[in-house]
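Enquirer: Once you've had a glance at the structure underneath, I'll fire off some questions.
What follows is calculated from the coordinates using simple rules that are stated; it is not laboratory data. No experiment lies behind these values; they were computed from the predicted model shown. Note that we place each Cβ from the backbone using ideal geometry, even for glycine, and neighbour counts take in every protein chain shown.
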Amino acid sequence: MFKYLTPEMPIGKCWVTAFGVILSYFAPVQTLILIALEFVAIDFVIGVIASRVKAKRAGKLDAWGFESDKAWHTVWKAVFIVIGIVMAHHIDYYVINFIELHLTNAFCGFVCAVEFWSFLENAACISNHPLFRWLKKYMGKKVKETCDIDPEDIDKASKGKEPTEDKDNL
């Protein structure tokens with residue numbers, strides 16, 4: 001690439017070439033990255049709408065506003081998701097390549113499941129429709145049965161609160 005850096009070659013072509021090289025780095029996992037970012041984007045938009053609906057129902061619509069801090073939180077989350085997918089891909093194909101872990105798919109699936117859970121919560125809040133409330137309860141029950149994780153604890157942890165401790169296991 002450096003042999004092409006001559007005074008006759010504009011700097012724009014250098015940037016386009018560098019950008020192409022960087023994008024090709026993500027080529028093996030581009031579909032998973034796009035799927036995960038799609039889930040994040042949909043959850044973000046629905047979350048903003050749900051926030052406005054909550055403020056309207058509480059009679060605080062005048063005080064409601066779009067906060068850029070929360071938008072930046074979503075941007076950082078998206079960046080870390082992309083990095084996580086790439087790192088999982090590296091573990092799958094370069095570090096532990098003697099067995100098929102499908103760690104990349106598992107990581108992306110986990111991200112999409114969390115975003116889908118958040119989407120269901122927001123959809124239940126916005127529409128107050130029994131279907132979304134039922135789906136939220138059903139998925140919560142299945143997650144608790146299958147993974148032995150309480151979705152309410154995940155919600156609390158994401159807000160910086162301590163999850164409830166199971167007194168039977170103390």
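Enquirer: Please state the shape class of the chain: rounded when a/c is under 1.5, otherwise prolate if a/b exceeds b/c and oblate if not, all from the C-alpha gyration tensor.
Expert: In terms of gyration-tensor shape, oblate.
Enquirer: How long is the gain from Lys77 to Ala18 if the chain were fully straight, where each residue apart is worth 0.36 nm and the alpha carbon distance is subtracted?
Expert: Length gained between Lys77 and Ala18: 18.8 nm.
Enquirer: Of the listed pairs Lys54/Lys161; Lys56/Lys137; Lys56/Lys142; Lys70/Lys137; Lys56/Lys161, which have alpha-carbon separations greater than 30 Å here?
Expert: Lys56/Lys142, as the Cα separations exceed 30 Å there.
Enquirer: Which FRET efficiency value, to the nearest 0.05, do you get for Lys144 and Ala106 by plugging their Cβ-Cβ distance into 1/(1 + (r/R0)^6) with R0 = 22 Å?
Expert: 0.70
Enquirer: Let me ask something else about it. Tell me the relative contact order for the chain as a rounded percent, counting alpha carbon contacts under 8 Å between residues six or more apart.
Expert: 22
Enquirer: Need the full-extension length gain, Ser68 to Lys137, defined as separation in residues times 0.36 nm minus the C-alpha distance. One decimal, nm.
Expert: 21.7 nm
Enquirer: Any chance you could give the angle, 0 to 90 degrees and rounded to 10, that helix 30-57 forms with the longest Cα principal axis of the chain?
Expert: For 30-57 against the chain, the angle is about 40 degrees.
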